[in-house]
Amino acid sequence: MSIELKLKEGDKAPEFTAATNGGGKVSLSDFKGKNVVLYFYPKDNTPGCNKEACGFRDNWDAIKKKGAVVLGVSTDSMKSHDKFVEKFKLPFTLLVDDEKKIVNAYGVYGPKTFMGVKYTGTSRVTFLIGPDGKIKKIWPKVKVGEHAEEVLKEL
(Lines give C-alpha, C1' and ligand atoms only; values in the text may rest on other atoms or scores of the structure.)
Protein backbone atom coordinates (compact mmCIF):
# COMPACT_ATOMS: atom_id res chain seq x y z
CA MET A 1 0.00 0.00 0.00
CA SER A 2 1.65 3.22 -1.07
CA ILE A 3 0.49 6.79 -0.74
CA GLU A 4 -0.28 8.92 -3.76
CA LEU A 5 1.82 12.06 -3.70
CA LYS A 6 0.02 15.31 -4.44
CA LEU A 7 3.22 17.27 -5.09
CA LYS A 8 4.93 16.89 -8.45
CA GLU A 9 8.34 17.80 -9.83
CA GLY A 10 8.27 21.48 -10.78
CA ASP A 11 5.87 22.44 -7.95
CA LYS A 12 6.90 25.04 -5.39
CA ALA A 13 8.04 23.22 -2.25
CA PRO A 14 5.83 23.92 0.78
CA GLU A 15 7.54 26.31 3.22
CA PHE A 16 8.13 25.16 6.79
CA THR A 17 9.80 26.18 10.02
CA ALA A 18 10.72 23.48 12.50
CA ALA A 19 12.73 22.69 15.60
CA THR A 20 15.86 20.63 14.97
CA ASN A 21 18.04 18.18 16.81
CA GLY A 22 20.24 20.04 19.27
CA GLY A 23 17.54 22.63 20.01
CA GLY A 24 17.86 24.75 16.88
CA LYS A 25 15.24 25.98 14.45
CA VAL A 26 15.29 26.16 10.65
CA SER A 27 13.02 27.22 7.81
CA LEU A 28 13.15 26.04 4.23
CA SER A 29 13.67 29.68 3.21
CA ASP A 30 16.98 29.67 5.15
CA PHE A 31 18.42 27.59 2.30
CA LYS A 32 17.25 29.68 -0.67
CA GLY A 33 19.88 29.49 -3.40
CA LYS A 34 20.95 25.93 -2.42
CA ASN A 35 19.81 22.45 -3.33
CA VAL A 36 18.00 20.90 -0.38
CA VAL A 37 17.69 17.15 0.04
CA LEU A 38 14.55 16.81 2.17
CA TYR A 39 14.21 13.18 3.14
CA PHE A 40 11.28 11.76 5.08
CA TYR A 41 11.74 8.58 7.07
CA PRO A 42 9.47 6.60 9.42
CA LYS A 43 11.37 6.35 12.72
CA ASP A 44 14.70 7.01 14.41
CA ASN A 45 16.81 3.97 15.33
CA THR A 46 15.08 1.41 13.12
CA PRO A 47 17.06 -0.76 10.66
CA GLY A 48 16.00 0.86 7.36
CA CYS A 49 16.17 4.39 8.74
CA ASN A 50 19.59 3.75 10.26
CA LYS A 51 20.89 2.50 6.90
CA GLU A 52 19.43 5.46 4.99
CA ALA A 53 20.80 8.04 7.46
CA CYS A 54 24.23 6.39 7.46
CA GLY A 55 24.23 6.48 3.65
CA PHE A 56 23.78 10.26 3.75
CA ARG A 57 26.43 10.47 6.50
CA ASP A 58 28.92 8.43 4.48
CA ASN A 59 28.36 10.63 1.40
CA TRP A 60 28.28 13.87 3.39
CA ASP A 61 31.56 15.31 2.10
CA ALA A 62 30.57 14.74 -1.54
CA ILE A 63 27.10 16.22 -0.92
CA LYS A 64 28.63 19.30 0.75
CA LYS A 65 31.07 19.74 -2.15
CA LYS A 66 28.02 19.98 -4.43
CA GLY A 67 26.73 22.81 -2.22
CA ALA A 68 23.67 20.89 -1.05
CA VAL A 69 22.00 20.64 2.35
CA VAL A 70 20.45 17.47 3.80
CA LEU A 71 17.44 17.68 6.12
CA GLY A 72 15.91 14.51 7.56
CA VAL A 73 12.30 14.59 8.74
CA SER A 74 10.36 12.21 10.98
CA THR A 75 7.64 12.62 13.56
CA ASP A 76 10.01 11.65 16.39
CA SER A 77 10.79 13.98 19.31
CA MET A 78 13.86 16.18 19.64
CA LYS A 79 15.20 13.86 22.35
CA SER A 80 14.88 10.89 19.97
CA HIS A 81 16.61 12.84 17.18
CA ASP A 82 19.43 13.88 19.52
CA LYS A 83 20.09 10.23 20.45
CA PHE A 84 19.90 9.17 16.78
CA VAL A 85 22.38 11.86 15.71
CA GLU A 86 24.76 10.99 18.55
CA LYS A 87 24.59 7.22 18.02
CA PHE A 88 25.34 7.40 14.28
CA LYS A 89 27.40 10.63 14.25
CA LEU A 90 25.06 12.24 11.73
CA PRO A 91 26.52 15.51 10.38
CA PHE A 92 23.23 16.85 8.96
CA THR A 93 20.11 18.33 10.54
CA LEU A 94 17.02 16.38 11.59
CA LEU A 95 13.72 18.23 11.78
CA VAL A 96 11.23 17.61 14.57
CA ASP A 97 7.75 17.17 13.10
CA ASP A 98 5.89 15.78 16.11
CA GLU A 99 2.78 17.81 15.13
CA LYS A 100 2.95 16.26 11.62
CA LYS A 101 2.76 19.63 9.85
CA ILE A 102 5.62 18.97 7.40
CA VAL A 103 4.74 15.34 6.64
CA ASN A 104 1.18 16.43 5.88
CA ALA A 105 2.25 19.46 3.79
CA TYR A 106 4.41 17.17 1.64
CA GLY A 107 1.76 14.42 1.56
CA VAL A 108 3.98 11.65 2.93
CA TYR A 109 1.88 10.76 6.00
CA GLY A 110 -0.89 8.24 5.52
CA PRO A 111 -1.93 4.60 5.41
CA LYS A 112 0.82 1.97 5.34
CA THR A 113 1.11 -1.79 5.66
CA PHE A 114 3.98 -3.67 7.29
CA MET A 115 3.96 -7.45 7.48
CA GLY A 116 0.21 -7.47 6.89
CA VAL A 117 -0.54 -4.90 9.60
CA LYS A 118 -2.23 -1.68 8.47
CA TYR A 119 -1.37 1.54 10.26
CA THR A 120 -0.82 5.26 9.64
CA GLY A 121 2.72 6.62 9.40
CA THR A 122 5.39 8.43 7.43
CA SER A 123 6.43 7.01 4.07
CA ARG A 124 10.07 6.95 3.02
CA VAL A 125 10.12 9.66 0.34
CA THR A 126 12.85 12.14 -0.67
CA PHE A 127 12.41 15.53 -2.35
CA LEU A 128 15.24 17.41 -4.02
CA ILE A 129 14.36 21.09 -3.79
CA GLY A 130 16.26 23.38 -6.12
CA PRO A 131 17.84 26.76 -5.35
CA ASP A 132 14.64 28.42 -6.65
CA GLY A 133 12.45 26.62 -4.09
CA LYS A 134 10.88 24.30 -6.66
CA ILE A 135 10.88 20.51 -6.45
CA LYS A 136 13.49 19.22 -8.90
CA LYS A 137 13.15 15.49 -8.21
CA ILE A 138 11.05 13.14 -6.08
CA TRP A 139 12.03 9.64 -5.03
CA PRO A 140 8.71 8.03 -4.01
CA LYS A 141 10.20 4.57 -3.49
CA VAL A 142 13.54 4.62 -1.72
CA LYS A 143 16.00 1.72 -1.58
CA VAL A 144 17.89 2.62 1.59
CA GLY A 145 21.16 0.92 0.67
CA GLU A 146 21.78 2.95 -2.48
CA HIS A 147 19.64 6.04 -1.97
CA ALA A 148 22.36 8.52 -0.94
CA GLU A 149 24.34 7.67 -4.08
CA GLU A 150 21.19 8.15 -6.24
CA VAL A 151 20.65 11.58 -4.71
CA LEU A 152 24.31 12.53 -5.15
CA LYS A 153 24.08 11.78 -8.89
CA GLU A 154 21.22 14.29 -9.20
CA LEU A 155 23.07 17.15 -7.49
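The values are calculated or read from the model by the stated rules, or taken from the named source; none is laboratory data. Bear in mind that the values here come from a model prediction, so they are computed numbers and not experimental data. Cβ atoms come from the backbone with ideal geometry, glycine included; neighbour counts cover every protein chain shown. The accessibility values were calculated without ligands, DNA or RNA, using every heavy atom of the protein model including side chains. Shrake-Rupley method; radii C 1.70, N 1.55, O 1.52, S 1.80 Å.
Here are the numbers:
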quantity	calculated
Residue check for residue 130: farther than 15 Å from residue 39 by Cβ and without any contact (Cβ under 8 Å) to a residue 24 or more places away in the chain	no
Filter result for residue 96 (open to solvent by less than 40 Å² (accessible area, probe 1.4 Å), within 19 Å of residue 15 (Cβ to Cβ) and modelled with pLDDT of 95 or more)	yes
Wholly enclosed helices (runs of 4 or more DSSP H) of the range 15-134 bearing at least 1 residues over 25 Å from residue 3 (Cβ atoms)	47-58, 60-65, 78-88
Sole residue being over 25 Å from residue 149 (Cβ atoms) and at pLDDT 95 or above, chosen from 110, 23	23
Residue 45 being open to solvent by less than 30 Å² (accessible area, probe 1.4 Å), over 14 Å from the mean Cα position of the chain (by Cα) and not hydrophobic (A, V, I, L, M, F, W, C)	no
Condition broken by residue 7, with the remaining ones in (1) farther than 17 Å from residue 121 by Cβ; (2) in contact with a His (Cβ under 8 Å, 6 or more places away or on another chain); (3) part of a loop (DSSP other than H, G, I, E, B) satisfied	(2)
Residue that is nearest to residue 149 (Cα to Cα) [pool: residues in the range 31-51 that are touching a Ser or Thr at 6+ places or on another chain (Cβ under 9 Å) and not hydrophobic (A, V, I, L, M, F, W, C)]	39
Selected residue (only one of 105, 19, 53 is crowded, with 16+ Cβ neighbours inside 10 Å and in contact with a Lys or Arg (Cβ under 7 Å, 6 or more places away or on another chain))	19
